[in-house]
1. For R147, work out the one condition from (1) buried (at least 18 other Cβ atoms within 10 Å of the Cβ); (2) farther than 29 Å from G229 by Cβ it doesn't fulfil.
2. Out of G229, G245, report the one residue that is on the phi > 0 side of the Ramachandran plot and within 21 Å of the chain's Cα centre (by Cα).
3. Scanning region 89-108 for residues that are part of a helix (DSSP H, G or I) and hydroxyl-bearing (S, T, Y), which turns out farthest from T144 (Cα to Cα)?
4. Within region 287-297, track down each residue that is in contact (Cβ under 8 Å) with a residue 24 or more places away in the chain and crowded, with 24+ Cβ neighbours inside 10 Å.
5. Which of the residues that make up region 124-172 are outside any helix (DSSP H, G or I) and free of Cβ contacts under 8 Å to residues at least 24 places away in the same chain?
6. Surrounded by 11 or more Cβ atoms within 10 Å (Cβ to Cβ) and outside any helix (DSSP H, G or I) - does that describe any residue in region 177-187?
7. Here are S311, S273, S234: which of them is within 28 Å of H190 (Cα to Cα), small (G, A, S) and buried (at least 24 other Cβ atoms within 10 Å of the Cβ)?
8. Given region 12-88, what helices (runs of 4 or more DSSP H) lie entirely inside it while holding 1 or more residues that are in contact (Cβ under 8 Å) with a residue 60 or more places away in the chain and surrounded by 20 or more Cβ atoms within 10 Å (Cβ to Cβ)?
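Each reported figure results from applying straightforward, stated rules to the coordinates on display, with no laboratory input. These figures come from a predicted structure and were not determined experimentally. All Cβ positions, glycine included, derive from the backbone under ideal geometry; neighbour counts span all protein chains shown.
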Amino acid sequence: MGTSVAVPPQRNVAVDAYRGLVMLLMMGEVMQFEVVARSFPSSTIWRILSFNQSHVQWVGMGLHDMIQPSFTFLVGVALPYSLRSRQKKGQSFQKIVGHTIWRSFLLVALGIFLRSIHSPMTNYTFEDTLTQIGLGYTFAVLLTFVRPRWQWTAFGTLLFFYWLAWALYPAPGPNFPYASVGVPDAWHQHLLHGFASHWNKNSNLGQAFDVWFLNLFPRPDRFLFNEGGYLTLSFIPTLATMLLGLAAGRWFIASTPVIPIRKFLIAAVLLLSGGLLLHFTGICPIVKRIWTPAWTLWSGGVCFLFLAAFSWFVDIKKNTRIAYPLVVVGMNSIAAYLMAHLFEDFILSSFRINLGMRVLNVFGTALEPVFIGALTLAIYWLILHWMFRNKIFLRI
């Protein structure tokens, strides 16, 4: 645990590799494991792959559910490095904050733009990964200027008062008309009961806020509900996830040249235990879609486990060559994010036109989505590798 390892002066390769895995999981949606699994209903392997490439319906977690919290957590990890770099360049507090506000605006705007690609008009929605990070980013940066104890105070205060606001908002009750807010009868098995019902789908404080807030913007029809149950107000506990990453980044810098794996593991155990305690006592369920405080603790613990694993594998065991394919993706995360949202249809149609279905079905029609998806992922990676070799990195 206390092994001394030199940390690269400019890049934390373990963090880049972790970020690369996160982006690869997101881009990997193009392989459509869920579609393939339907063709092999008795296959345990395809069932597991499908489960971990889709979000759980409400309570719990699959691997896919860790994409957004990991990306958010890693934004926090990078903050102390970014601040130190800007301060070394002599940038004033005002200049740093000005750039931060501009970056927050760009993240929100880019998230809205990507959500509007297939819409008849601008789709003003704020539950996307980029918009959620953008809404909390300025506050996270400001907190990097205060002492760690105040950062932890902010973390606890955010989660407690966010939980309290939801707990005080009226629970839906047994006769709540769930169908009117997009909750089908078949979904009722996922409804929570008792005190935990304060966190049921589309019948909570966040839903009430969005019915008011999102209808302030021009839209083709009045906003009634989000089909997935996602909410604008989730940016508040998302900010808490960023603060956990901020703590990790601070520990990295303070411990140099030692990798603080022990701290990461202790944090993971405490956060995982806290999340489970809140969940199983009925105080607050673990629900990713609405980013409950219990989810913030649980997913934060998983993020620390990932960070500890990558730090051990890359920094301590020096497996940088093995991590290289992930680093290529992780160092250009914004480019990877844009490719997954903007390039997919073009690349898929190009393969179908130029290779033909005979080639794409070489492993059978059931596996065609995986094969063409793997080819698309390869194109993504080759583009990112070309950018990496030519030192082209998209930054906001």
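1. Just one mismatch for R147, condition (1).
2. On the way: G245 fails: on the phi > 0 side of the Ramachandran plot.
Just one listed residue meets the conditions, G229.
3. Keep residues of region 89-108 that are part of a helix (DSSP H, G or I), which gives 93-108.
Now drop any that are not hydroxyl-bearing (S, T, Y), which leaves 100, 104.
Numbers: T100: 12, S104: 16 Å.
Per the stated criteria, the residue is S104.
4. The answer is V287, K288, I290, W291, T292, P293, W295, T296, L297.
5. Step one: filter region 124-172 for residues outside any helix (DSSP H, G or I), giving 124-128, 144-147, 169-172.
Those that are outside any helix (DSSP H, G or I) and free of Cβ contacts under 8 Å to residues at least 24 places away in the same chain: D128, V146, R147, P170.
6. Yes, that holds for at least one residue.
7. On the way: S311 fails: within 28 Å of H190 (Cα to Cα); S273 fails: buried (at least 24 other Cβ atoms within 10 Å of the Cβ).
Only one candidate qualifies: S234.
8. Values: elements: 13-27, 33-39, 44-51, 67-88.
In region 12-88, 13-27, 33-39, 67-88 are the helices (runs of 4 or more DSSP H) which contain 1 or more residues that are in contact (Cβ under 8 Å) with a residue 60 or more places away in the chain and surrounded by 20 or more Cβ atoms within 10 Å (Cβ to Cβ).
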